[in-house]
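The values are calculated or read from the model by the stated rules, or taken from the named source; none is laboratory data. Quick caveat: nothing in here was measured; it's all calculated off a predicted structure. With ideal geometry, Cβ positions are generated from the backbone for all residues, glycine too; neighbour counts draw on all protein chains shown.
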Amino acid sequence: MRGTKSAPAEEMESWRVVEIVLVSVLVGTLLPVLFQLRSTLKAAEQFIVAAGPRLDRSLTDIAAAADRIDRVGATVERLTSSISLAAKLGAAVGPAVAAAVRAFRAPAEGAADESLPAQTNGVADGAPSHKEVARGS
């Protein structure tokens with residue numbers, strides 16, 4: 001009878017040994033992983049602490065740049081409305097100025113034509129001809 005009782009006890013002991021070996025392998029595998037995780041988290045914390053002030057300065061600079069861009073945009077909008085007004089004014093006044101220039105030139109051209117004697121074949125009326133000049137009259 002002893003032999004029958006010792007077999008289950010030996011099986012229990014062998015499962016216990018397998019169980020202990022598996023747990024030790026698992027712990028042996030997890031320890032380096034946990035150590036590496038701790039090192040990684042510590043390096044990440046140091047980076048975040050060091051980068052914090054730089055990020056604050058960068059965000060301040062970005063906010064200042066956004067404000068400048070907004071001011072430039074407002075200036076462009078004002079200039080656009082001024083340019084639009086100037087274009088409308090030019091469209092309204094341009095034809096009037098062109099008509100005035102034509103009107104001022106027209107009398108000057110007509111007066112110049114009237115002040116000159118009428119010419120026939122390049123010779124003014126009343127001027128002596130070549131023949132008359134050659135005769136001496």
On the given criteria, is Leu116 modelled with pLDDT of 85 or more and either hydrophobic (A, V, I, L, M, F, W, C) or touching a helix residue (DSSP H, G or I) at 6+ places or on another chain (Cβ under 9 Å) (or both)?
-> no
Can you tell me which residue among Val133, Val76, Val101 is among the β-branched types (Val, Ile, Thr), more than 36 Å from the chain's Cα centre (by Cα) and at pLDDT 75 or above?
-> Val101
